[in-house]
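Peer 1: Can you read through this structure? Questions will come right after.
Laboratory data are not the source of any read-out in this text; all were calculated from the coordinates shown. Quick caveat, the model's predicted, so the values are computed rather than measured. Positions of Cβ are backbone-derived with ideal geometry, glycine not excepted, and every protein chain shown enters the neighbour counts.
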Amino acid sequence: MELQQVLKERRTVRRFSQTPVPDEELRALLDAGRLASCARNDQRLRYTVVRTPELVNRIFTFTAWAGSVTPRRDPVPGMTAPTAFIVVTGKKEEASSPLLQTDCGAAIQTIQLAAWEKGIGCCWMGAIDRQAIHSLLELPGDCAILYIIALGYAAEKPVHDDIDDPGKVKYYLDDNDLLHVPKLTVDAIASWK
Ligand SMILES: Cc1cc2nc3c(=O)[nH]c(=O)nc-3n(C[C@H](O)[C@H](O)[C@H](O)COP(=O)(O)O)c2cc1C
């Protein structure tokens, strides 16, 4: 897939095929993420890949989905739920550092783009019970969960709509249950000097 097509068509996915993503594909996503830009090239992010069904199902219970259309985009366990999670962590004392958070954003977006190219859909998740996931995975006490990425082969293809009105950015479902994600045009967000 052309990069431009990936950039235009990648959307957050909340409906997944139940076919597991092979470990080598998950590894390829981390291989993309590790090369993302990061402050001073410090590379302070760490990852826990969760793909054993029991743990995936447990983590799922600590997540919240698509607040703007809730509960209509809640994945259904055994039918449309993610088949894996990537848990992104950093050192506890650095967890609220703007630079680490920024590194995390760059890495996650890189992972999402690499995934889309392979037909793997992602949902970057912040509405999660970090403490519960931390204890479930028995992560070390000195590490903190920044975000998690839910993923699996995409079973929906949301679309973006170009808009100029910053008051209309809320995503929505149409009559055919297709998710629309309004995105402001360049003219709406940029000025030129
Ligand atoms: C920092 C961050 C946290 C997010 N947390 C959640 C979440 O907890 N649950 C969810 O369903 N989507 C979550 N999302 C996905 C956003 O809702 C989604 O990116 C946004 O609607 C734009 O859609 P797009 O990714 O298709 O462009 C999060 C995205 C970001 C960047």
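Peer 1: Go through K170, K118, K193 for me and flag whichever is under 19 Å from the mean Cα position of the chain (by Cα) and more than 17 Å from I86 (Cβ to Cβ).
Peer 2: Going through K170, K118, K193 in turn, just one is under 19 Å from the mean Cα position of the chain (by Cα) and more than 17 Å from I86 (Cβ to Cβ): K170.
Peer 1: Follow-up question, since we're still on this one. Hey, which of the strands (runs of 3 or more DSSP E) in the stretch 115-166, taking only ones fully inside, have at least 3 residues that are among the β-branched types (V, I, T) and touching a residue at least 24 places away in the same chain (Cβ under 8 Å)? Can you show your working first?
Peer 2: Working: elements: 120-125, 143-153, 159-163.
In the stretch 115-166, the matching strands (runs of 3 or more DSSP E) lie at 143-153.
Peer 1: Could you tell me which of the residues T102, T185 is touching a residue at least 60 places away in the same chain (Cβ under 8 Å), polar (S, T, N, Q) and surrounded by fewer than 18 Cβ atoms within 10 Å (Cβ to Cβ)?
Peer 2: Answer to the selection: T102.
Peer 1: Another question about this same structure. Restricting to the stretch 77-93, count the residues that are surrounded by fewer than 16 Cβ atoms within 10 Å (Cβ to Cβ) and of a type outside the set (A, V, I, L, M).
Peer 2: Residues meeting the conditions: 5.
Peer 1: Using the structure shown, decide if A66 is on the phi > 0 side of the Ramachandran plot, within 15 Å of the ligand (Cβ to nearest atom) and in contact (Cβ under 8 Å) with a residue 24 or more places away in the chain.
Peer 2: Taking the combined requirement at face value, the residue satisfies it.
Condition check ((1) under 16 Å from the mean Cα position of the chain (by Cα); (2) not in a loop (DSSP other than H, G, I, E, B)) across all residues:
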position	(1), (2)
L7	yes, yes
R11	yes, no
Y47	yes, yes
N57	no, yes
G78	no, no
